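Trainee: One structure is given below, represented as structure tokens, and several questions about it will come after.
Read-outs: derived from the displayed coordinates by stated rules, not from any lab. Because the structure is a prediction, the values reported are computed rather than measured. Using ideal geometry, Cβ is built from the backbone for each residue, glycine included, and neighbour counts are taken over all protein chains shown.
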Amino acid sequence: MMYLCPVCGYPKLIAPPADYMICPSCGTEFGYDDFATSYEELRNEWLSRGALWFSRNTPKPEGWSPMSQLGQAGLLPSRLEAPTESTI
Ligand SMILES: [Zn+2]
């Protein structure tokens, strides 16, 4: 049984998005990051950080694209904001 990440649409979570499960795609820690923040806000934050693959342990699927993943899950934001470049 695979579960869908409600933040980034990653379809292969090995456990339900709860109980400190961390999505390898967007890095959301469920039960913690989503405690006071909506999935939509978490998604927008992930997108504004460049929608990078999060996990170092779970390899990125071949040909992985955050936008097509979101699209397939029906989670593409209706209004895409330009990613904000953070200067470090
Ligand atoms: Zn995710």
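Trainee: Give the range 34-61 a look and list any residue that's over 20 Å from I14 (Cβ atoms) and among the aromatic types (F, W, Y), or say none.
Mentor: Within the range 34-61, just F35 meets the criteria.
Trainee: In the range 18-32, which residues are assigned to a loop (DSSP other than H, G, I, E, B) and either farther than 19 Å from G74 by Cβ or more than 8 Å from the ligand (Cβ to nearest atom) (or both)?
Mentor: A18, D19, Y20, M21, P24, G27, F30, G31, Y32
Trainee: I need the full set of residues from the range 33-51 which are surrounded by fewer than 12 Cβ atoms within 10 Å (Cβ to Cβ) and either in a strand (DSSP E or B) or of a type in the set (A, V, I, L, M, F, W, C) (or both), in order please.
Mentor: Hits for the range 33-51 are F35, A36.
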